[in-house]
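Below is one structure, written out as structure tokens; comments come after it.
The values are calculated or read from the model by the stated rules, or taken from the named source; none is laboratory data. Predicted model, so just to flag it, every value in this text is computed and none were measured. Reconstructed Cβ throughout: ideal geometry from the backbone, glycine too, with neighbour counts over all protein chains shown.
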Amino acid sequence: MGHPSSSRTPEVVLAGGYARAEAMGIVLRPMTDADMGFLSALYASTREEELSQLPWDAAQKRDFLEMQFHAQHAHYQAHYPDAAWLVVEHGNQPAGRLYIEEWPSELRIIDIALMPAFRGRGLGAALLRDIMEKAETVRKAVGIHVEKANPAMRLYHRLGFRTIEDKGVYDLLRWSRVGA
């Protein structure tokens, strides 16, 4: 599978301690089947700029995005069996997703994304800082793959994440205070 599996419930990532995010009105809850429509729309929102360059009509783009969302979802479910699949809510409405898995030496963020209306407001930074604090408490690193062109790359670097591997379109980033 390509990653160390803990084969246990991700208790560190599910435990409380998202104080910064909670102070900004964020609530994290487990994903349910009823969230699939929202999660598909969220995925589509992360690909809008990229697809705007294509000469496809709205139906072609919608069909492509739906197919890609389901492929990504199936991939994540198959390759990260011990992950916490969390919906980020703000003001009692779904605002994003946080998929994260606890490994023996790392908290691996599989995906973190917010709807456009919630981006640039510090919510993602608050979630990341909370995850970093959790990792530090249990002496683990935080890892995430980020597309090189993702505008959030600046945020990751500002928070102290370092590129540890070039994966083509993605960079593998890691943050750690372990041994620092």
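Pairs needed: first member in the range 103-116, under 19 Å from Leu28 (Cβ atoms); second member anywhere, assigned to a strand (DSSP E or B) and aromatic (Phe, Trp, Tyr); C-beta distance under 8 Å; at least 6 residues apart or different chains.
Every condition considered, the pairs that remain are Ile109/Tyr99; Ile110/Tyr99; Asp111/Tyr99; Ile112/Tyr99.
Let me spell it out: the conditions are (1) within 27 Å of Ala41 (Cβ to Cβ); (2) modelled with pLDDT of 95 or more, and Ala152 meets all of them except one. Which number is the exception?
Status for Ala152: all satisfied but (2).
Whether any residue in the range 138-154 is free of Cβ contacts under 8 Å to residues at least 40 places away in the same chain, surrounded by fewer than 20 Cβ atoms within 10 Å (Cβ to Cβ) and polar (S, T, N, Q) is what I want to check.
Scanning the range 138-154 turns up at least one residue that is free of Cβ contacts under 8 Å to residues at least 40 places away in the same chain, surrounded by fewer than 20 Cβ atoms within 10 Å (Cβ to Cβ) and polar (S, T, N, Q).
Which is of a type in the set (Gly, Ala, Ser) and exposed (fewer than 13 other Cβ atoms within 10 Å of the Cβ), of Ala44, Ala78?
After ruling out the rest, the residue left standing is Ala78.
Report the residue count in the range 142-155 for those that are outside any helix (DSSP H, G or I) and farther than 22 Å from Gln77 by Cα.
Residues that pass the stated criteria total 5.
Exactly one of these conditions fails for Leu98: (1) part of a strand (DSSP E or B); (2) at pLDDT below 95; (3) hydrophobic (A, V, I, L, M, F, W, C). Give me its number.
(2)
Consider Pro81 against the criteria (1) of a type outside the set (A, V, I, L, M, F, W, C); (2) out of contact with any helix residue (DSSP H, G or I) (no Cβ under 9 Å at 6 or more places or on another chain); (3) over 30 Å from Pro104 (Cβ atoms): it satisfies all of them except one. Which criterion is unmet?
Single failed check for Pro81: (3).
Rundown of residues vs (1) at pLDDT below 95; (2) basic (Lys, Arg); (3) farther than 21 Å from Ala152 by Cα, yes/no style:
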{"residue": "Met67", "(1), (2), (3)": "no, no, yes"}
{"residue": "His70", "(1), (2), (3)": "no, no, yes"}
{"residue": "Gln77", "(1), (2), (3)": "no, no, yes"}
{"residue": "Asp82", "(1), (2), (3)": "yes, no, yes"}
{"residue": "Leu86", "(1), (2), (3)": "no, no, no"}
{"residue": "Pro94", "(1), (2), (3)": "no, no, no"}
{"residue": "Ile110", "(1), (2), (3)": "no, no, no"}
{"residue": "Ala113", "(1), (2), (3)": "no, no, no"}
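Kindly check whether there is at least one residue in the range 123-138 that is within 21 Å of Ala41 (Cβ to Cβ), part of a strand (DSSP E or B) and either of a type outside the set (Phe, Trp, Tyr) or modelled with pLDDT of 95 or more (or both). I'd like the intermediate steps shown before the answer.
So the first thing to find is which residues in the range 123-138 are within 21 Å of Ala41 (Cβ to Cβ), and the list is 123-124, 127.
With the extra rule that they be part of a strand (DSSP E or B), the set shrinks to none.
No, the range 123-138 has no match at all.
Looking only at the range 1-39, count every residue that is modelled with pLDDT of 75 or more and in a helix (DSSP H, G or I) and tell me the total.
Of the residues in that region, 12 qualify.
Can you give me the number of residues within the range 68-91 that are out of contact with any Phe, Trp or Tyr (no Cβ under 9 Å at 6 or more places or on another chain) and either under 17 Å from Leu127 (Cα atoms) or outside any loop (DSSP other than H, G, I, E, B) (or both)?
Residues in the range 68-91 being out of contact with any Phe, Trp or Tyr (no Cβ under 9 Å at 6 or more places or on another chain) and either under 17 Å from Leu127 (Cα atoms) or outside any loop (DSSP other than H, G, I, E, B) (or both): 8 in total.
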